[in-house]
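In what follows, a structure is listed as structure tokens, so that the remarks can point back to it.
Every read-out reported here was derived from the displayed coordinates using simple, explicitly stated rules and does not represent laboratory data. Model, not experiment: these values are computed from the prediction. FYI the Cβ positions are ideal-geometry reconstructions off the backbone, even for glycines, and counts take in every protein chain you see.
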């Protein structure tokens with residue numbers, strides 16, 4: 001049987017970590033928790049599930065810890081979830097069969113649909129659905145470079161799982177969303193050299209360039225693109241899309257305000273990766 005390790009990242013997650021580890025404990029062979037020096041009972045709860053806990057300096061986002069975590073796992077296959085994510089029933093039941101399939105067919109990683117839920121536990125469809133994530137992979141076949149909201153680089157073959165296999169992303173409270181918004185957009189502007197949107201859509205790239213004046217047109221562009229492409233859209237998506245437009249508008253504005261030195265630093269980080277530059281995967 002192919003071994004499967006589970007990794008997650010915590011910081012004062014005592015109210016969430018127990019439910020997450022209870023969710024995966026019977027499906028994995030090893031639990032790795034990278035903790036940012038929690039001051040609550042997070043570490044004690046994790047250890048009660050037999051987790052190997054490693055303390056790391058908190059930076060406010062988990063990306064720098066991912067490559068470090070991969071160095072600590074004992075098995076070749078890895079499952080990664082945040083503390084507010086769960087596997088759907090079918091994915092949880094079939095996960096062993098999937099990694100056996102991956103092992104036998106030289107697959108490096110599985111791309112999985114993530115279903116984001118709003119506060120009323122309704123799925124958020126619309127422009128950013130499906131939200132595909134690489135969460136099951138071979139530890140030596142992925143590279144994280146340390147950018148906010150990044151997907152790993154996969155060495156080898158990826159397999160897109162059908163939508164009946166999905167990850168559930170539980171809703172966050174409104175106060176936490178505002179704090180995360182402000183922190184993430186500040187970090188993102190330091191590390192993001194260019195948007196890359198002009199390569200996928202000239203109109204979208206032009207609207208992004210005109211931020212913050214084009215936030216509202218950009219918002220309606222996102223919704224209109226859904227209708228044109230006949231993508232599913234619902235009420236939660238209308239509110240979520242405005243949040244995304246506001247985030248990208250704020251990011252674009254902050255990027256325009258960068259000094260020459262800050263922009264050059266962002267170019268180097270984008271090219272080489274923050275983790276690799278600062279050796280953040282070291283002990």
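If I take every Cα pair under 8 Å that is 6 or more residues apart in the chain, average their sequence separation and divide by the length, what percent do I get for the relative contact order? Reported relative contact order: 19 percent. Here region 69-113 and region 1-34 have alpha carbon centers that stand 12 Å from each other.
Using a Gaussian network for the chain with springs between C-alpha atoms less than 10 Å apart, which of these wobbles most: 179, 16, 72? Comparing 179, 16, 72 in the GNM, the peak value goes to 179. For region 4-169, the relative contact order comes to 25 percent (Cα pairs under 8 Å, sequence separation of at least 6). Among 23-34, 261-272, sorting by the average number of other beta carbon atoms lying within 10 angstrom of each residue, highest first, gives 23-34, 261-272. Counted by neighbouring Cβ atoms within 10 Å, the residues 250, 259, 42 run from fewest to most as 259, 250, 42. Computed from Cα positions, the angle between helix 215-229 and the longest principal axis of the chain comes to roughly 70 degrees. Using equal-weight Cα scatterers in the Debye expression, the normalised intensity of region 46-96 in log10 at q = 0.13, 0.18, 0.19, 0.26 Å⁻¹ is -0.43, -0.82, -0.90, -1.31.
Restricting attention to the chain, close to 40% of DSSP beta bridges with both partner residues there are antiparallel.
Rounded is the label for region 4-169. Its Cα gyration tensor axes, ordered a ≥ b ≥ c, give a/c under 1.5. Angle, helix 89-104 long axis vs. longest principal axis of the chain, Cα atoms, 0 to 90°, nearest 10? Here the helix axis deviates by roughly 80 degrees. Axis of helix 63-72 versus longest Cα principal axis of the chain: the two differ by about 20°, to the nearest ten degrees. Computed per residue of the chain from DSSP H runs no shorter than four, each worth -39500 (n - 2.57), the mean residue ellipticity at 222 nm is -13500 deg cm²/dmol. Each Cα pair under 8 Å and six or more residues apart adds its separation to the average, and for region 103-209 the resulting relative contact order is 31 percent.
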